[in-house]
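Working notes, beginning with the structure itself.
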């Protein structure tokens, strides 16, 4: 006998997870997100899909971590994922700021070296 | 000997001309480079009308670190030997640049800092600022094992070895204390001489009281991160150009 009878919330979870994954893939195809920034999203939605299909996974993870209240494991995974994403964004933003500054400096120096136009 | 004077300016319409003229008077052999750090007042207009100086207009406000970094890169590209930094707000007296440069030209140090606190003359800044400066000094003494009395002073002279090293990975926010840290880590000699500072005659400090707490935390963070990271930071390794 299946210890995890299918419930409406499970079906909703599966559908929503697939939908979100589909949105990410669509955005990549339309060049709205670059692949390098979407990898983390794709991985996270894969994890969500796995967790919503195989409900036993949460029990396994909970008992492995020593968590009594299984939903806490879901929140832990969710918060962990969001944390990773935000950290990733911070790294990307810092990198971009560095590049913008280098660009601005290069242009400013070049501009100063070009002789002024005679009007 | 090619000497460059670097003057970062952010909204200094009232003082910049005086600073430039004074500098020309006291260091006639130097090339003056003014970095207009995205000023929103008439600084740009004034600079475009002045002659005999080089000006770089940054496309947006990059902060003091960005302005200095731009000047350093220009210094490297044009192959200068020595650099004096004077702030555009009139706090630093161009008449004292000779004394600042002397140890650099003699090769006694790669960085000379003009300190307000050796003889405690002239303008010493407000109480809250001095408290912050003091804390930074205690920390730099602990970490650098070196008595720098005024680690936030921007009145400085450098030789090319210092500039080549610093321009590689320049700290963008509030770079003065971190410069000391970076150079000290490479075993470069730093010297302080006593100078008098004027209270700013115009403009607004780049660091308001609220921001000075951010300043403190940011500098502490940078120093601590570097401190914990140890002495093998590759990004701080010296540039091969500096050897010839």
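The values are calculated or read from the model by the stated rules, or taken from the named source; none is laboratory data. This is a predicted model, so every value here is computed, not measured. Reconstructed Cβ throughout: ideal geometry from the backbone, glycine too, with neighbour counts over all protein chains shown.
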- Among the numbered conditions (1) closer than 22 Å to residue B:21 by Cα; (2) touching a helix residue (DSSP H, G or I) at 6+ places or on another chain (Cβ under 9 Å); (3) part of a helix (DSSP H, G or I), tell me where residue B:136 comes up short. (1)
- Only one of B:223, B:180 is at pLDDT 85 or above and crowded, with 18+ Cβ neighbours inside 10 Å; which? B:180
- Task: Please determine, by comparing only the residues of segment B:26-44 that are surrounded by fewer than 19 Cβ atoms within 10 Å (Cβ to Cβ) and in contact (Cβ under 8 Å) with a residue 24 or more places away in the chain, which one is nearest to the other protein chains (Cβ to nearest Cβ).
- Result: B:31
- Query: Can you pull out the strands (runs of 3 or more DSSP E) entirely within segment B:47-115 that have at least 3 residues that are within 17 Å of the chain's Cα centre (by Cα), more than 14 Å from chain A (Cβ to nearest Cβ) and modelled with pLDDT of 95 or more?
  - Reply: B:82-85
- Please work out if residue B:16 is away from chain A (no Cβ under 13 Å) and closer than 18 Å to residue B:92 by Cα. yes
